[in-house]
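A short reminder: the numbers here are calculations on the coordinates, not readings from a lab. Worth saying up front: this structure is predicted, and the values here are computed from it rather than measured. Note: ideal-geometry Cβ built from the backbone for every residue, glycine included; neighbour counts use all protein chains shown.
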C-alpha cells in the first residue's frame, strides 16, 4: 500500500498558510532548503506540480489548490482529535464550509456568516476564497455547504444548484475627508473627471455602475480596478480615489477606514445570493445565514 507522507503534506500546508517556503521553514525551525525538498518529494509522489512560479513568488496550481483543501480538512480533523484527547470527550462539532468569491466584500461576508458563529451549537466554520466557477463546482460535488455570491449561479455551468436571494441594497460612494469635501457637492455629476476606484469588469456591480455612468453622462477617471474588494478599500483609505461599497455596510466601512460619504446611488442594487446544492436547505447554519440576511442586514 502506498502511504501518504503527512509530514510532507504538513510542510506544504504550512507553506500555503504562511505564504512562503521561508515562512514555513521559520515556523518549523527548519532550513528553507529542507522544506523545499520535502515539498518536491510530495509533488513527486503525486506526480503533479503543487506550485508554479509567479514573479518572485509561488502560486498554487489548480491541482495544488485542491490538495490544499484536502489538507485543510485533514489538519482540522487532527486538531479535533487533539481536543478530544485533551478534554476526554468528543466535541462532535459539525463543519460549515463556505465558498466566497473575491468580489464579495469581506464585511458583507462577516455580517452574513456571523449568525453561524453564535448558534447554540455552533459549527466549525471554514471559509474558502476562489473563483466563482471553481467554488460552484466544489459545491455541486458537496465539498462546500454554501457559496455566497453577488450573482446567481450561471445556468451555463449545467450544475444542479439553487439560488436563494439574501437581499439587496444600494451603493454608497466613499472617500477620504479631502476627496469628500471636493466631490460631495453636485453629486453624482461631480464624479465626472473625479478619481475613482472600481471593481473589475466581470463583477455584477461594475456592470451596473458602467450602465449607470453611461446613462447619466458621468465619465470619471478610473485610477485602478480590483478583483479583491479588501484591496480596493485599502487604496480608498489611502486617498487614491472614491470607491463604492454596499450601503448595508456603509457605516462599518466609514468607521473602520476613516472615510466619509460622497453620495449614494439607490438605482444600482447590490444583490447577494446564497447558492446551495439542495433545493430544500437542512443545514442549520445556512438557514441562520439566510434568516439574518433577510430579516436584519438587508431589511435595515
Just the ratio, please: alpha-carbon radius of gyration of the range 1-91 over 2.2 N^0.38 Å, N its number of residues.
1.18
If I take the Cα coordinates of the range 168-269 and project them onto the principal axes, what are the three extents in Å, biggest first?
31, 27, 24
Modelled label reach - residue 77, point 7 Å along Cα→Cβ, the range 2-18 residues with backbone N closer than 16 Å
3-7, 9-10
What distance in nm separates the simple spin-label points at residue 6 and residue 48, each placed 7 Å from Cα in the Cβ direction?
2.2
With Cα Rg over 2.2 N^0.38 Å defined as stated, name the option among (1) 1.21; (2) 0.96; (3) 1.14 computed from the structure displayed.
(3)
Restricting to the range 168-269, compute how many DSSP beta bridges are antiparallel as a %, nearest 5.
60
Most exposed first by the Cβ proxy, i.e. fewest other Cβ within 10 Å, how do 96, 273 rank?
273, 96
Along its principal axes, what span do the Cα atoms of the range 187-233 show, with the longest given first and each in whole Å?
27, 19, 13
At q = 0.20 Å⁻¹, what is the base-10 log of I(q)/I(0) for the range 216-300 according to the Debye formula with one equal point scatterer per Cα and no solvent? Please give it to two decimals.
-1.07
Average projection area in nm² (convex hull over Cα atoms of the range 146-223, one quarter of hull surface)
7.0
By how many degrees, between 0 and 90 and to the nearest 10, does the Cα long axis of helix 62-87 differ from the longest principal axis of the chain?
70
Rounded to the nearest 10 degrees, the helix 106-117 long axis (Cα) sits at an angle to the longest Cα principal axis of the chain of 50
Taking 30, 197, 159 and counting other beta carbon atoms within 10 angstrom, the fewest-first order is 30, 159, 197
With no solvent and one equal point scatterer placed on each C-alpha of the range 79-160, evaluate the Debye formula and give log10 I(q)/I(0) for q = 0.11, 0.18, 0.19 Å⁻¹, two decimals.
-0.38, -0.82, -0.88
To test your reading of the geometry: what angle, between 0 and 90 degrees and rounded to tens, separates the Cα axis of helix 6-18 from the longest principal axis of the chain?
20
Taking the number of other C-beta atoms within 10 Å as the exposure measure, put 164, 54, 29 in order starting with the fewest.
29, 54, 164
Subtract the Cα-Cα distance of residue 231 and residue 129 from 0.36 nm times their separation in residues, and report this length gain in nm to one decimal.
35.3 nm
